[in-house]
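To start, the structure under review is shown below, and the notes come after it.
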Amino acid sequence: MTAQVSPADAVGTVQFFDGDAEIGDPVEVVDGIAELVYTFDSVGQHEIRAEYSGGPGVEGSTSQVQVLEVTESGGTDGGSLGSLDIEDIAGIAGILGILGSLGD
């Protein structure tokens, strides 16, 4: 999963959520992007959102919830579950929205 933070030189962290549950640890923003590799442990719909902590001159913010449908992997290795990555969501700007805003 990735979150794009604007402006690109913003610092801080992004915490991803599945409903109210945190997904992993907060991820550092690097060059405007926070990325988390995660494999879901259950199939079905997951309500994903991201919270940006904010940083000097940039307010924190929360993305809108996006529903992700997780299905079982089609591999022959016993059915590991699918995971969400950049290719699956076609870029966070389209899925979770752009997080953060310039401070006053």
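Every read-out reported here was derived from the displayed coordinates using simple, explicitly stated rules and does not represent laboratory data. Since the structure is predicted, the reported quantities are computational estimates derived from the model, not experimental observations. Cβ sites come from the backbone with ideal geometry, for glycine too, and all protein chains shown count toward neighbours.
Backbone amide hydrogens, once placed in the peptide plane, bring Gly32 within less than 5 Å of Ala10, excluding anything fewer than 5 places away on its chain. Computed from label points 7 Å out along Cα-Cβ, the spacing between Glu59 and Asp9 is 2.2 nm. The length gained by stretching the chain between Thr71 and Asp41 to full extension, at 0.36 nm per residue less their Cα-Cα distance, is 9.8 nm. Residues whose amide H falls under 5 Å from that of Ile23, counting only those 5 or more places apart or on a different chain, are Phe16, Phe17, Asp18, with hydrogens built in the peptide plane.
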